[in-house]
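Notes for the one structure printed next.
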2 protein chains.
Amino acid sequence: MFQQGVNAMPGFSTVSSSAWARTVLTQTTLRAAPSLVAACLLGPAQAAEGMWTLDNLPRAALQAQHRFEPDAAWLAHVQRAAVRVGGCSASIVSEQGLVMTNHHCVTRCLAELTTAQRPVKSQGFLASKPDQELACSGLEVMQLQSERDVTAQVHAATQGLTGEAFQRAEDAVRARLSRECQQDQSATRRCEVTVLYRGGQYVLQQYERYSDVRLVWAPEDAIAAFGGDPDNFNFPRWCLDVALLRLWRDGRPVKTPVYLAVEPQGPKPDELLLVPGHPGQTQRSLTVAQLERLRERLATQTIPAASESRGLMHLLSQRQEPTRTWALQAMSSIENGLKVQQGQLQALFTPALWAMKQAEEQALKAHVRAKPALLARVGDPWSDIERAQQVRRELELEFSLLSDGAAFAAPHFQFARTLVRGPVERLKPDGQRLREYSDSALPVLERRLKAHTPMDLVFERERLEWSLTRMRSVLGPDHPVVRQVLGDRSPAQLAQTWIQQSRLHEAAERARLWDGGEAAVTASADPFVALVRAVEPHARALRERFEAQVLAVEREAAQRLAWAQFDRDGRSRYPDATGTLRLSYGTLKGWREAGVEVPTHTHVAGLRRRHTGAAPFAMPERWRSAGATVADDLPFNFVTDHDIIGGNSGSPMINRQGRWVGLVFDGNRHSLGGSFFYDAASNRAVSVHPAVILESLRSVYGAHDLLRELMGGPVPAR
Amino acid sequence: MFQQGVNAMPGFSTVSSSAWARTVLTQTTLRAAPSLVAACLLGPAQAAEGMWTLDNLPRAALQAQHRFEPDAAWLAHVQRAAVRVGGCSASIVSEQGLVMTNHHCVTRCLAELTTAQRPVKSQGFLASKPDQELACSGLEVMQLQSERDVTAQVHAATQGLTGEAFQRAEDAVRARLSRECQQDQSATRRCEVTVLYRGGQYVLQQYERYSDVRLVWAPEDAIAAFGGDPDNFNFPRWCLDVALLRLWRDGRPVKTPVYLAVEPQGPKPDELLLVPGHPGQTQRSLTVAQLERLRERLATQTIPAASESRGLMHLLSQRQEPTRTWALQAMSSIENGLKVQQGQLQALFTPALWAMKQAEEQALKAHVRAKPALLARVGDPWSDIERAQQVRRELELEFSLLSDGAAFAAPHFQFARTLVRGPVERLKPDGQRLREYSDSALPVLERRLKAHTPMDLVFERERLEWSLTRMRSVLGPDHPVVRQVLGDRSPAQLAQTWIQQSRLHEAAERARLWDGGEAAVTASADPFVALVRAVEPHARALRERFEAQVLAVEREAAQRLAWAQFDRDGRSRYPDATGTLRLSYGTLKGWREAGVEVPTHTHVAGLRRRHTGAAPFAMPERWRSAGATVADDLPFNFVTDHDIIGGNSGSPMINRQGRWVGLVFDGNRHSLGGSFFYDAASNRAVSVHPAVILESLRSVYGAHDLLRELMGGPVPAR
């Protein structure tokens, strides 16, 4: 399954070590593409390439290849029906506010709702009436209402500035625009200025915010993630990776005319298929120097840290409940992240990729050098970015541990930091705060802080001890922060004491401290508050240096790169993914693996053959006893050549009539290099077929009302 | 501490994943050396650079810098006093066959000797009389008696051959020469043909083999490895990393005139210091293509696998005894390996290293191209080697898992394979067998197989389950071997069943099967024997392809590289380390770290300051209560600029009079790039000072007889 797309703090997602990482993939992927360089340099986009913004679709290609010209009504409908949930995508699929996404997008909610009496994760869940639906306290659904180009305003505010001054000015104008848009309606509205083309374009987006989201149906973990880590990012697959949620407001389900009806037959051969969704992050426009640093970081920091976690979780998942469930949950996320990161690293060890990137960079440099006026405006952003990579190399490890907080891997630490920083930041003018405390971000932050967040203290203690041990090993026992934090005690002693003494796992205690402001926090004797205070000067200094000397420099230089590219190509290219709404297009398509053609569809018969009885290849009881009511030839999963990435999980796949014909949940392993380039020959998206969703609701789960609701809506306007 | 040097199967050490791996090092190491390229290209060797063979010392440099000219008697004495133990170095230090090496070189023996009544590892051990000394069943001491250049014989046998034919001929002639030398004296003699300069020179070495080695004294783990993983490869240090063994033969301690006397004062400033030892493996003569592949493998295979192990061991070491002890033992080895591998990977991400290696390669290519006769003889070995790297890339992952056996991480599997292969291989003529079954290797193999090998079956089951899980994840559930091995069962089920049913943890059962030959093995129903049989066809095919298309190609091409280098430089360079006897030279020397000069010595006062009471910074009870009898200003560890590497652990450091003035046990973290080049500015060796060994024997351990024995010998001839 894809990783979820966007972090709370997008600028930092690439240094976050809470984004996890180990599986060496078999290496047929990119090496088997000798024509890669040629292919990628032929034109701005290969067939089906691109995560396009809705205002800049590849209309000529869609018309030429598929005779498709979406009108404004079609686009407006899709824009509102394709929503965002957490770091995933989703869609509204009934008039009564039913929302469809992947099972793997709501696993945290499932774990939180799981009790001994109600084993939601292992046994699945079905609410037979609306009042049985269970609130997912951590989930919010965001629906894009409108967007407006604000490039001129931002450029006016940042013109002529560089480095830190540039970044401050950009932050300030983004915060102001968001605030003005959001007004005092933060309970139901969120406004964000999205940065496209790494600074070439700024778009102010206004979202409707649904924060009462309830679980309606989830199948058993064993069928949603059938094949587990071994089959993840592989195909053929048999995953019923679906969950249904419902939007509530004011104590009632939300009624809406904007939803996608189902096409139970699924996709037809050669039919144009469209995927509206929220791809999280691609790195296709990074410079060679940035890619080199990224490779080094993956190899020396990200993957080793995640691999250790994996080993730890392997054993923690043998403990008794509830530790076992939390460890399995963490394991699944870690293993998924590791496959992504190893796939990226493999791609970054492919000579053809470097040849392609170097050629692209040289071509753009030549274009700039040939036009004196352009050169005067653009300068040499490549060198500026390269210098920033030296600082990354110096700082990133320490930044990840101490500033990002990977050294203190317990939610308590993150909560405590929010509590300590909150009062300080809220006193500052909006544009001068740390980004996550801006007026536009505060409501979400506060909601998360105060939300009931179940956790297992044994699990948290073990993970914390490990992260402290790692910090000491990596930074050395003589690092001033390590000395200060550990003093005369061992990681085991500290983790034990802190977790035992802290009350920050209680939502009420966090709410009390937040609402009490600085006075309450100052009076608190919580060990994690003390820890944050001890680390804070160093963590702040690191973050300031990282933002000023790395992020600000990269951002400002990338903007100049975008200008150079616009000058040459106009708007014929799509921007890197940013977790915001995009449209991909494609068709049903297999690929050749080791000389053998992989078929587009799997069926129930294949699932039955793959069942061994031992996890992760064990169908749950309901499926084993389903018998002939679920036919062997019922389609299960299928592949298409859409250009998607983590964050697209849960995206609906629709036909030109706007009916959904699939639910995207993964890519094949060749898609992992998709961070850096699109490989038309083998990059494939993997979706759940509507037939298996509908049929299983009917004959496996007996969810007749839900089936009727899904089938009942009118076809949306085309 | 350094990794031990040589694997049982040297050709395979670079693909072995039993060589473990994770700690991201702080990155000041190599980046701080901008003058690296210039420095390394100035001449064949920097001051103190080189792991020299005793027949080709840098006599001019030794004479010019130190006015030292060792004569034949000096060299002969050192050659016999500096012995090899396992993958470590050691020295004979008394007339009664006392052998000194590092505590970390005998940890496996200490773990095996540990019982609830006799906690050798945690509490240390002292035999007050010879009959209390405890046999280390797995240890052998090898003493180099003589060596003879056999380059002409080998070249005659391999002339004109390439690839597999070359390798077969080389194997055959090496086996024949070893066999002729060894005759029927395999109980006390071992002969090996060592390949120097990667094929430029072949040397037949005859060793005296001591296989009754007994533990005399070991301090507590907590002082031997004080600072643990956090301080490992760092300095300042306070490690009493020493153990004393004794050679026995025919039921009596071995009397010998060949030993090193101690110089209790340790090394003097500016004094010439010499380190005879057995450095295991360097990679300084690899081509750029080989280094690139090595980097990729470290990043995508070795380090991720070892990192997972580390996480696993972290939790396993919290289990109850004896699992805890075995996990801690494994953890220490894994963490050590990880620091080495991460240090190597860091070095391989240093632009200056690549600039240096590329320049060196270009220079040698130019030399060859300029001389037609040389070109005709040498050809283009660089391209041949580069092609072999493509095969490495294709095979190494699978090779490591299925052929090397990392997928089946239990000693049972290795034992079973020896039992299955033994009868088959022994039927073949000597030169045609798998290398580890040659006549010269068989005695050691058989001894290991039949030796009592304590193990903890809980530990083995957990590790095996993990390795099976990893195999499935990495190769995918549809790999034919994965399908065949797992069938319908899970890794947990299989590991449980196999470990429960197998009897291969019993030495007697292994001896029965070995002595029973093919009939006994065929009749065996042991699950590991069955597993080996199932995997064998695939594993053999992989190994054959790997040997023919990678190792043979690299070996033959490397020989031509050596010829090119000899043509240009004569014998002015030293060969890459090969686990055989070398001499390094240097002096006491600190280095600058982040602008601050690191002093050469540590003292007991520093140990007392660093003691926190929590492991790994807790002095053992005897040291805490030692009080003023152990003076604060007693020297503890010190640094010198010797060029050493893993395998040098346990090497004596001697002065020109041949007295030992230190015991090498580690390098600083800058030494980790030493695999690829010697950095005179900051690469440092770390040794135990004789004063702390002698004083602790006297006032901490009350080992007065032992102290007398160490002090009593006459000064060897100079």
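Coordinate-derived values only; no laboratory data. What you see is a predicted model; the values in this text were computed from it and never measured. Note: ideal-geometry Cβ built from the backbone for every residue, glycine included; neighbour counts use all protein chains shown.
Net charge near A:L134: determine it from the other residues with C-beta under 10 Å of the C-beta of A:L134, scoring Lys and Arg +1 and Asp and Glu -1.
With Lys, Arg at +1 and Asp, Glu at -1, the net is 0.
Using +1 at the C-beta of Lys and Arg and -1 at the C-beta of Asp and Glu, which of B:G516, B:H538, B:F413 has the Cα lying farthest in the positive direction of the dipole of the range B:405-551?
B:H538
Would you tell me the mean number of C-beta atoms belonging to other protein chains that fall within 10 Å of each C-beta in A:172-181, as a whole number?
Rounded to a whole number, the mean comes out at 0.
Under a Cβ-only charge scheme (Lys and Arg +1, Asp and Glu -1), can you give me the dipole magnitude of the protein assembly as shown about the Cα centre, in debye to the nearest 20?
320
So how much slack lies between B:R324 and B:A187, counting 0.36 nm per residue of separation and subtracting their Cα-Cα distance, in nm?
Gain in length upon complete extension: 45.7 nm.
Give me the dipole magnitude in Debye, nearest 20, for the range A:411-460 about the Cα centre, with unit charges on the beta carbon: positive for Lys and Arg, negative for Asp and Glu.
With only Lys, Arg, Asp and Glu charged at Cβ, the dipole is about 160 debye.
Taking the Cα centre of the range B:209-250 as origin, work out the dipole magnitude from +1 charges on Lys and Arg Cβ and -1 charges on Asp and Glu Cβ, in debye rounded to 20.
For this selection, approximately 300 debye.
Given the C-alpha centroids of the range B:255-291 and the range A:169-240, what is the distance between them in whole angstrom?
60
Largest first, please: the extent of the C-alpha atoms of the range A:459-504 along each principal axis, to the nearest Å.
30, 17, 16
Within the range A:426-464, find all residues whose amide N lies under 15 Å from a label point positioned 7 Å from the Cα of A:E518 along Cα-to-beta-carbon.
Those under the cut-off are A:426-429.
Quick check: pseudo-label points 7 Å beyond the Cα along Cα→Cβ at B:T256 and A:A47, how many nm apart are they?
7.4
Quick one: length gained pulling B:N56 to B:R708 fully straight, 0.36 nm per residue minus the C-alpha distance?
Extra length from B:N56 to B:R708 when fully extended: 231.0 nm.
Sort the range A:130-258 into rounded, prolate or oblate with this rule: let a ≥ b ≥ c be the square roots of the eigenvalues of the Cα gyration tensor; rounded if a/c is under 1.5, and if a/c is not under 1.5, prolate when a/b is larger than b/c, oblate otherwise.
It comes out oblate by the Cα gyration axes.
Excluding A:L294 itself, what net charge comes from residues whose Cβ is under 14 Å from its Cβ, given Lys and Arg +1 and Asp and Glu -1?
Cβ neighbours under 14 Å give a net charge of +1.
Mind jotting down a quarter of the surface of the convex hull over the alpha carbons of the protein assembly as shown, in square nanometres, one decimal?
If I average the Cα hull's projected area over directions, I get 52.3 nm².
Give me the inter-chain shielding for A:308-321: mean count of other chain Cβ atoms within 10 Å, whole number please.
6
What gaps in nm, shortest first, separate A:A187 from its twins in the other copies when you place the label 7 Å past Cα toward the beta carbon?
9.3
For the range A:217-263, which trypsin sites (Lys or Arg not before Pro) are both in a DSSP coil and crowded by at most 15 other Cβ atoms within 10 Å?
Answer in residue order: A:K255.
Just to confirm a number: summing +1 for Lys and Arg and -1 for Asp and Glu over residues other than B:A363 whose beta-carbon lies under 14 angstrom from that of B:A363, what do you get?
Net local charge, B:A363 excluded: +2.
Report, for B:E436, each distance to the same residue's label point in the other copies, shortest first and in nm; define the point 7 Å along Cα→Cβ.
Nearest to farthest, the other copies are at 5.0 nm.
Mind jotting down a quarter of the surface of the convex hull over the alpha carbons of the range B:405-551, in square nanometres, one decimal?
9.1
Send over the semi-axes of chain B's equivalent ellipsoid, whole angstrom and largest first, taken as the square roots of 5 times the C-alpha gyration tensor eigenvalues.
36, 33, 26
What's the ranking of A:202-212, B:623-633 by average number of surrounding C-beta atoms within 10 Å, highest first?
Most protected by this proxy first, the peptides run A:202-212, B:623-633.
Assume the label is 7 Å from Cα along Cα to beta carbon: what separations in nm does B:A530 have to the matching positions in the other copies?
5.8
Which Cα, out of B:A691, B:W382, B:A441, lies furthest along the positive dipole direction of chain B (beta carbon charges, K/R +1, D/E -1)?
Farthest towards the positive end: B:W382.
Extent of the range B:596-649 along each principal axis, from alpha carbon coordinates, in Å, largest to smallest?
37, 23, 23
Which of B:A157, B:S128, B:N655 sits closest to the plus end of the dipole of chain B, meaning its Cα is farthest towards the positive end, when Lys and Arg get +1 and Asp and Glu get -1 on the C-beta?
My answer, from the dipole projection, is B:A157.
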